[in-house]
Amino acid sequence: MKPFYLLLMVLWGILAFYTGHVIADHGFNLFPYLFGDMAEWTWPGQFNLDFMMMLFLSASWTEWRNGFSTPGLILALIAFLGGAGFLLPYLTYLAWKHEGDTAAILLGDNRMDRQ
């Protein structure tokens, strides 16, 4: 599993570098681009809608995994707004915390106790 965790961190590094370059050139205001493409009903808009649904699924899983708690809600909001920039290090942290136990990583501590 360690090669997988390394891959997660390499992907996060690439994303962080790319994001930094985009912010330097265009600033932080991504919403006009995101919603503007969707409003035009074009392929970039379809991709943005699809991506937004994936962000929703990531946030929903994060909230569910954390038992719909207040910290889980905060993490879910970060997951929705942060995308892979949140999910890649979060999964790496969980893998380290649970020593590679995939069930514990995906289900969380509370659900593992019920089995």
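On the stretch given as region 62-93, residues that are under 16 Å from LEU8 (Cβ atoms) and of a type outside the set (Ser, Thr, Tyr) total 10. Scanning region 35-79 for residues that are of a type in the set (A, V, I, L, M, F, W, C), more than 22 Å from THR92 (Cα to Cα) and part of a helix (DSSP H, G or I) yields PHE35, MET38, ALA39, TRP43, PHE47, LEU49, MET52, MET53. Specify the residue that is surrounded by the most Cβ atoms within 10 Å (Cβ to Cβ); the eligible residues are those in region 94-113 that are in contact (Cβ under 8 Å) with a residue 24 or more places away in the chain and closer than 22 Å to GLY13 by Cβ. Ranking the qualifying residues of region 94-113, first place goes to ALA95. Of the listed requirements (1) farther than 24 Å from ALA16 by Cβ; (2) at pLDDT below 95; (3) out of contact with any Lys or Arg (no Cβ under 9 Å at 6 or more places or on another chain), GLU63 misses just one: (2).
Taken over region 1-43, the criterion of being of a type in the set (A, V, I, L, M), closer than 20 Å to LEU55 by Cβ and at pLDDT 90 or above is satisfied by LEU8, LEU11, ILE14, LEU15, ALA16, VAL22, ILE23, MET38, ALA39.
Which residues, taken from region 45-93, are surrounded by fewer than 17 Cβ atoms within 10 Å (Cβ to Cβ) and of a type in the set (Ser, Thr, Tyr)? Passing the criteria: SER60, SER69, THR70, TYR93. Scanning region 9-28 for residues that are within 19 Å of the chain's Cα centre (by Cα) and either touching a residue at least 60 places away in the same chain (Cβ under 8 Å) or not in a helix (DSSP H, G or I) (or both) returns MET9, LEU11, TRP12, LEU15, ALA16, THR19, PHE28.
The values are calculated or read from the model by the stated rules, or taken from the named source; none is laboratory data. Predicted, not measured: the structure shown is a model, and the values here were computed from it. Neighbour counts are summed over all protein chains in view; Cβ atoms, including those assigned to glycine, are modelled from backbone coordinates with ideal geometry.
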